[in-house]
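The values are calculated or read from the model by the stated rules, or taken from the named source; none is laboratory data. The model shown is predicted, which means the values in this text are computed figures rather than measured ones. All Cβ positions, glycine included, derive from the backbone under ideal geometry; neighbour counts span all protein chains shown.
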Amino acid sequence: MKYIILIGDGMADRPLKKLGNKTCLQKACIPNMDKIASEGEVGRIRTIPPGFAPGSDVAILSIFGYDPAKYYTGRAPLEAASKKIKLKPDDVAYRCNLVTLKFPKSRTREMAEVEDYSAGHISTKEARALIKTIDNKLGSKEIKFYPGVSYRHLMVWKGGRNNVQSTPPHDITGKKIGTYLPVGDGEDTLNTLMEKSTKILLSHPVNKKRIKQGLKPANSIWLWGQGKKPDMPKFQYKYGLKGALISAVDLVKGIGVYAGFDIINVKGATGYLDTNYLGKAKAALNALKKADIVCLHVEAPDEASHKGDIKEKIKAIENFDLMVVGTVLEGIKKFKKYSILVLPDHSTPLQLMTHTNDAVPFAIYRNYKTDNRAVTAKHFSEDICGMKGIRIFDKGYKLLDYFIRVE
């Protein structure tokens, strides 16, 4: 038996007036996901438990069968694992974004606004140079900065504090930072680091060049998503299946590391709209030769949502359907017995440009008959969540049990 999970990050949405009160999923041409929904089984899953901030960290833990209430400790330690950063029990990892802040004249720093949570999706080469300087200037025996990809980086605080409230910068685009700065145990250290970073970054040659080119400068770090190392059982021990994971996002790969999945890196997989969709699908099919279950994650729809770009989100969904879902549907036929699960990890409404805890639809296609009751749908969309008779998983981590144990 072979299993494959296809995750379109942030695909789910809410109806938009510009689309005739339809969602991007409803508007997009997605014949392959429609095929799975119409010939398989559809249902509803709540990947974000009550009390948790909506995000891929919590949602994908749920999809992989791990109860976030037991295993979630924060976003950053998951990303640290993907970078092979070994955290000690007392270490606290923080996500460190490079952001663009807009500073009004003659006003305090607290009145600055988040202009761009990604500093114009700064290149990895530029970002690494900036983070290296930040580590040289602000790092210490207790604090270390680690470069990542584009605007996504990490800070590790040895013996640090994590009882603090922090806010993802992509949630506050266009808002003044004053009411969203870290608050709690350790807030002085965090806010001082962020404030000092601005002076350092503005004088950096990389940013001077970006400004001359008309690009947004990465003029501040933003610390958030903190946590300590989680203690998770390996997926193979938990389910008896050997797993593999394909994603361009450190957060997702980090979950895979803790779960014991083989992490497969695909050339051209960027985590953005230009990602190598086809390469990911082919790599997943190849991985199924040795693995029992493969999880394939595509970030592009979520990135378009954070930008508030309707056309890009529809295009990302259609690319996911054509080059990922379609390729998998055709290529998986070489295996005798298989099951395919397709779903968003969470909803990212365009009008909000951030994640929500809305329930999301899922669809399962099996190439064999089962005795279970199955409800189908003509189209794969958020409308599935309101259908009668569907299978519902309000505890999202239980869907994985159902997916792999139905015969």
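Does Ile63 satisfy being in contact with a strand residue (DSSP E or B) (Cβ under 6 Å, 6 or more places away or on another chain) and within 30 Å of Val375 (Cβ to Cβ)? No; evaluated as a whole, the condition is false for this residue.
Evaluating Thr192 against the criteria (1) loosely packed, with under 13 Cβ neighbours inside 10 Å; (2) within 21 Å of Phe103 (Cβ to Cβ); (3) touching a residue at least 24 places away in the same chain (Cβ under 8 Å); (4) over 23 Å from the mean Cα position of the chain (by Cα) leaves one unmet condition, (3).
Do you know which residues across region 331-378 are modelled with pLDDT under 95, over 16 Å from Ile392 (Cβ atoms) and of a type in the set (A, V, I, L, M)? Listed by number, the residues that qualify are Leu352, Met353.
Every test in (1) surrounded by fewer than 18 Cβ atoms within 10 Å (Cβ to Cβ); (2) touching a residue at least 24 places away in the same chain (Cβ under 8 Å); (3) in contact with a Ser or Thr (Cβ under 7 Å, 6 or more places away or on another chain) is passed by Leu19 save one, and that test is (3). Scanning region 72-85 for residues that are surrounded by fewer than 24 Cβ atoms within 10 Å (Cβ to Cβ) and closer than 24 Å to Leu273 by Cα turns up at least one hit. For region 339-385, taking the residues that are among the small types (Gly, Ala, Ser) and under 18 Å from Ile317 (Cα atoms), the one that is surrounded by the most Cβ atoms within 10 Å (Cβ to Cβ) is identified as Ser347. A search for C-beta distances below 9 Å between a residue of region 268-292 that is in contact (Cβ under 8 Å) with a residue 40 or more places away in the chain and any residue that is outside any loop (DSSP other than H, G, I, E, B) and acidic (Asp, Glu), counting only pairs 6+ apart in sequence or on different chains, returns Gly271/Asp250; Gly271/Glu303; Tyr272/Glu303; Leu273/Glu303; Leu273/Glu312; Ala287/Asp262; Lys290/Asp262; Ala291/Asp262. For the structure I just gave you, tell me whether Lys105 is outside the structural domain of Asp171 (by TED's automatic domain parsing), at pLDDT below 95 and not in a helix (DSSP H, G or I). When the stated conditions are applied, Lys105 does not pass them.
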